[in-house]
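The values are calculated or read from the model by the stated rules, or taken from the named source; none is laboratory data. Keep in mind it's a predicted model, so treat the numbers as computed, not measured. In this analysis, Cβ positions are derived from the backbone assuming ideal geometry, glycine residues included, and neighbour counts consider all displayed protein chains.
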């Protein structure tokens, strides 16, 4: 009777799972040392005992996990989001902030409080002053309307929900 062999990709996959090759790299110790020939070495295993000047590093994945994805960075660069509010806006502005937060959209909030702020607002949106107001790139909208804001953000390429950590 002839014995069947596993396809190579199945064997490699099993070896990775069983052997721990698929273990995450974050949180792992990394060692750096210079060998006797002057070459710099990096490894996740401690160096040989005859090596001096070993630097052990513990890498943290939090910085990489919090970095925005390419799609968010690109949308933010091409179509920045600005939210205009006032101190007396109340629940409508809170709802607008929650909406943007749920989608994971980075935004700059402008409080319309001084005459200069009002002049800037009118230049952008016209009159009368109505908050919250939003700009997505060159698009503008006064008043919080989730359907309209969703369409504006979708058109700009923002993800529909916060992106999971990479």
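Which of (1) surrounded by fewer than 14 Cβ atoms within 10 Å (Cβ to Cβ); (2) in contact (Cβ under 8 Å) with a residue 40 or more places away in the chain is the odd one out, the single condition residue 158 does not satisfy?
Unmet for residue 158, out of (1) surrounded by fewer than 14 Cβ atoms within 10 Å (Cβ to Cβ); (2) in contact (Cβ under 8 Å) with a residue 40 or more places away in the chain: (1).
Got a number for residues in region 120-150 being without any contact (Cβ under 8 Å) to a residue 12 or more places away in the chain and in contact with a strand residue (DSSP E or B) (Cβ under 9 Å, 6 or more places away or on another chain)?
5
Could you list all residues from region 57-77 that are part of a loop (DSSP other than H, G, I, E, B) and either modelled with pLDDT under 80 or touching a helix residue (DSSP H, G or I) at 6+ places or on another chain (Cβ under 8 Å) (or both)? It would help to see each step written out before you state the result.
We begin by selecting, within region 57-77, every residue part of a loop (DSSP other than H, G, I, E, B); these are 59-61, 67-69.
The answer is 59, 60, 61, 67, 68.
Determine which member of the set 112, 54, 81, 105 is in the same structural domain as residue 30 (by TED's automatic domain parsing) and either at pLDDT 95 or above or in contact with a strand residue (DSSP E or B) (Cβ under 9 Å, 6 or more places away or on another chain) (or both). Walk me through it before giving the result.
Working: 112 fails: in the same structural domain as residue 30 (by TED's automatic domain parsing); 81 fails: in the same structural domain as residue 30 (by TED's automatic domain parsing); 105 fails: in the same structural domain as residue 30 (by TED's automatic domain parsing).
Just one listed residue meets the conditions, 54.
Take residues that are within 23 Å of the chain's Cα centre (by Cα) and tell me which of the strands (runs of 3 or more DSSP E) falling wholly in region 91-158 contain 3 or more.
Working: elements: 107-111, 133-136, 139-142.
Passing ranges, in order: 107-111, 133-136.
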